[in-house]
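The values are calculated or read from the model by the stated rules, or taken from the named source; none is laboratory data. Quantities reported herein were computed from a predicted structural model and do not represent experimental measurements. Cβ coordinates were reconstructed from backbone atoms using ideal geometry, including for glycine residues, and neighbour counts include every protein chain displayed.
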C-alpha cells in the first residue's frame, strides 16, 4: 500500500477539480471513521465478553496462554494490508471494501489485549489525546501550502528504521530503546498524518473515473487509519498506565 499510494508524486496530478478532491477526502475520512468504530467495538467485545475472551486466551495447568486464534489475529492484519496494497488494481470495489472492513474487525480483536495490560481510564485518555493530535495535524496537512512530498519520503524512511529497531529490540528487550522507539514513532506518525491528508487532498487531481475515486477513497482511509492506530499505540506505550 505504501509503495502504491504514498509514493505517487503530487506533480503527476495536474488539472485538479476541487470537487473531486473533496469527494475522495470525504470518502477517506468516512471509511476511516467506520473502521475506527468497528475496531473499537470488536476490541471491547473480545476484551469484556468472557465467552469471546476465552477464544483468545487458554487456561493451562501453568497459567494462561494465547490461543491459536490469538496468534492469527495478531499477524493477519499485516496480510490484509499487503493484500489491499498489492491487489489494488485487481480488486473490485466491493472486494476492496470487504477486505478493509474485515481488516478493521480483525485488528480490533487483536487490540483487545491492550485492555489486559493498560487500565481502561488510561486507554481512554490516550485515545482522546490521539484524536486531538490527529485532528490538529489533519487540519495542518489540509491547509498548508507547502508541498510535503519530501517530508513524507523522509518519514517513510523513519518508519522502516522503527520497524528494524523494533525487531532488534525484540531480542535485546531494552527499556531505553523501547522508550526511544516510542518517541520517534509519535514524531513520525504525527508528521505522516499531515502528509497523508495532503496527499489524499491532491489525489483528486486528474482522476475522473468513479471506480478509481472510490478505490482511492478506501486506500486513503486505510492510510489514515494506520496513522491513527500507530500514533495511538506509541502514545499508549509512552503514557499508558499499566495494570498492577
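The combined condition, being surrounded by 15 or more Cβ atoms within 10 Å (Cβ to Cβ), modelled with pLDDT of 90 or more and either over 21 Å from residue 219 (Cα atoms) or under 16 Å from the mean Cα position of the chain (by Cα) (or both), is not fulfilled by residue 96. Taken across the range 145-158, residues that are within 20 Å of residue 32 (Cβ to Cβ) and without any contact (Cβ under 8 Å) to a residue 40 or more places away in the chain do not occur at all.
Tallying residues that are under 20 Å from the mean Cα position of the chain (by Cα) and assigned to a loop (DSSP other than H, G, I, E, B) within the range 147-183 yields 1.
Selection within the range 105-124: residues that are in contact (Cβ under 8 Å) with a residue 40 or more places away in the chain and out of contact with any helix residue (DSSP H, G or I) (no Cβ under 7 Å at 6 or more places or on another chain). The member of this set that is surrounded by the most Cβ atoms within 10 Å (Cβ to Cβ) is 113.
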